[in-house]
Amino acid sequence: MDPKPLRIGMVAGEASGDLLASLLLQGVSQHWPQWQASGIGGPRMAQQGFQVLWPSQLLAVHGYNLEVFKRVFGLWRIRSQLRDRFLQEKPDVFIGVDAPDFNFSLEESLRQRGIRTVHFVCPSIWAWRPHRVHTIRRSADHVLCLFPFEPALLQQHGIAASYVGHPLASVLPLEPDQQAARVQLHLPPDAEVVALLPGSRNSEIAYLATRFLEAARLLRQRRPRLHCILPAAPGYFFQLQNTVQAAGLGEAVTVLEGQSHEALTACDVTLIASGTATLEAALLKRPMVISYAVHPLSARIMRSKQLQPWVGLPNILSREFVVPELLQEDATPPKLADAVEAWLDDPARCAAVRQRFTDLHHTLRRDTATLSAHAIQQVLAG
């Protein structure tokens, strides 16, 4: 008689959650030859055999402004439908991947009715919201952590947790091949190249793309041989292409369809929005200037919750300002251009930060798929 398949409910938000969840599903496949999983997910999860009921991009919200309030009722409706579906189907485990504002309420409801729950990606309680430990304790039987200092922090509050490493550290090479990436992107091997990554959400692009392009214009005026590449997030290629053309920067800036890893590998320096992409840049050993800007109301709320001086993940993990951060009113094109040029003019500083990022890469590289599957096994065993 064939063993009963493992049944999983899962919600993964945005492109980063899709990547994390797809790697977790690889581990599930290694330990449970037969499994079924459904919920909210993306194309990488679908390739693993996940049944996508709603796409993960639905959960891409940003800040505290009107954009969130316009969409919140639709998200509530989806969450309610998912809760009812999972309570009827009673999966063996529910796994919430990131998207804490959506997932914790769903996890708590399911856990109260006897469904075991796992949360993948510890919320940044060490950076923004310490009070969230109470929500985590109510919602999750176990938390899978991306960073090594997080399990001990959660365990202090009675929350079971495991460090599983950051999957990007296993996906990305320890020694990126810059020249191969330049050949792939048709870039001159000896050119100065700056990668512009203004974010993957509509509101991020709205606040940052123009500033980044104006900084690129200033850099190009100072360094005529410099070339910029802009990897567009899914669904934003034509919008960004039109923005670049309207700015008269068609010759200076090449817009790519995705290919963010290739762009980061090929560049000398990246001007990049704060978020998961900054960790990708660090693991690809690239000097960077981190920037971010949101609606002023959102900025005030976020600053009131901030617990430490860093915003970018490379700085948080290094516990110091290894790379510059220019946020809100400091995110002006002249300041951004100056900070990028400071990297281009200082090869020794670039070499030092590459070594720091290599050390970080070794710390974060673990067998995430297997470690995650083992943790899920422990949760199922009770």
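Where a number appears in this text, it was derived from the coordinates with a stated rule and is not lab data. This one's a predicted model, so the numbers in the text were calculated from it and none came from an experiment. For neighbour counting, all protein chains shown are included, and Cβ atoms are generated from backbone atoms with ideal geometry for every residue, glycine included.
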Practice problem: Just tell me which aspartates and glutamates come within less than 16 Å, Cα to Cα, of residue 4; anything on the same chain fewer than 8 places away is out. | Solution: 89, 92
Self-check item: Mean Kyte hydropathy of 1.6 or more with a Cα span along the axis of at least 15 Å, helices from DSSP in the chain
Solution: none
Quiz item: Under 13 Å Cα-Cα from residue 285, which aspartates and glutamates qualify once same-chain neighbours fewer than 8 residues away are excluded?
Solution: 175, 177, 262, 268, 359
Quiz item: Fully extended, how many nm does the chain gain between residue 84 and residue 238 (0.36 nm per residue separation, minus their Cα-Cα distance)?
Solution: 51.6 nm
Quiz prompt | Karplus-derived HN-Hα couplings along the range 39-55 (A = 6.51, B = -1.76, C = 1.60, θ = phi - 60°), whole Hz, x at Gly and Pro | solution = x, 9, x, x, x, 5, 5, 4, 5, 7, x, 6, 8, 7, 8, 9, x
Quiz item: Which of the trypsin sites (Lys or Arg not before Pro) across the range 206-294 are loop residues per DSSP, with 15 or fewer other Cβ within 10 Å?
Solution: 225
Quiz item: What FRET efficiency comes out for the pair residue 191/residue 320, r = Cβ-Cβ distance, R0 = 30 Å, nearest 0.05?
Solution: 0.45
Quiz item: Along the Cα-to-Cβ line of residue 354, 7 Å from the Cα, sits a label point; which residues in the range 261-298 have backbone N less than 20 Å from it?
Solution: 261-272, 278-290
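Over its Cα atoms, what ratio of radius of gyration to 2.2 N^0.38 Å does the range 178-364 give? Present the calculation step by step, with values, prior to reporting the outcome.
Numbers: Rg = 15.5 Å, N = 187, 2.2 N^0.38 = 16.1 Å.
So the Cα radius of gyration is 0.97 times the expected 2.2 N^0.38 Å.
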Practice problem: Taking 7 Å along the Cα-to-C-beta vector as the label spot, tell me the residue 30-residue 342 distance in nanometres, rounded to one decimal. | Solution: 4.2 nm
Exercise. Run through the DSSP bridge list for the range 178-364 and note the antiparallel percent, rounded to the nearest 5.
Key: 0 percent
Exercise. Please report 363, 265, 254 as a ranked list, fewest other C-beta atoms within 10 angstrom at the top and most at the bottom.
Key: 363, 254, 265
Exercise. With N set to the residue count of the range 81-175, report its C-alpha Rg divided by 2.2 N^0.38 Å to two decimal places.
Key: 1.14
Quiz item: Using helices alone, what [θ] at 222 nm do you get for the chain, with -39,500 (n - 2.57) per DSSP H run of 4 or more residues, divided over all residues and rounded to the nearest 500?
Solution: -15500 deg cm²/dmol
Quiz prompt | the chain, dipole about Cα centre (Lys/Arg Cβ +1, Asp/Glu Cβ -1), debye to the nearest 20 | solution = 1040 debye
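Around residue 374, with a cut-off of 13 angstrom between Cβ atoms, what is the net charge of the other residues, counting Lys and Arg +1 and Asp and Glu -1? Before the final figure, lay out each step's value.
Working: positive: 366; negative: 367.
In short, 0.
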Self-check item: Top of 166, 227, 131 by mean-square fluctuation, Gaussian network on the chain, Cα under 10 Å
Solution: 131
Quiz item: Taking the convex hull of the alpha carbon atoms in the chain, what volume per residue do you get, in Å³?
Solution: 136 Å³
Practice problem: Once you've got the GNM for the chain with C-alpha springs shorter than 10 Å, pick whichever of 181, 140, 246 has the biggest mean-square fluctuation. | Solution: 246
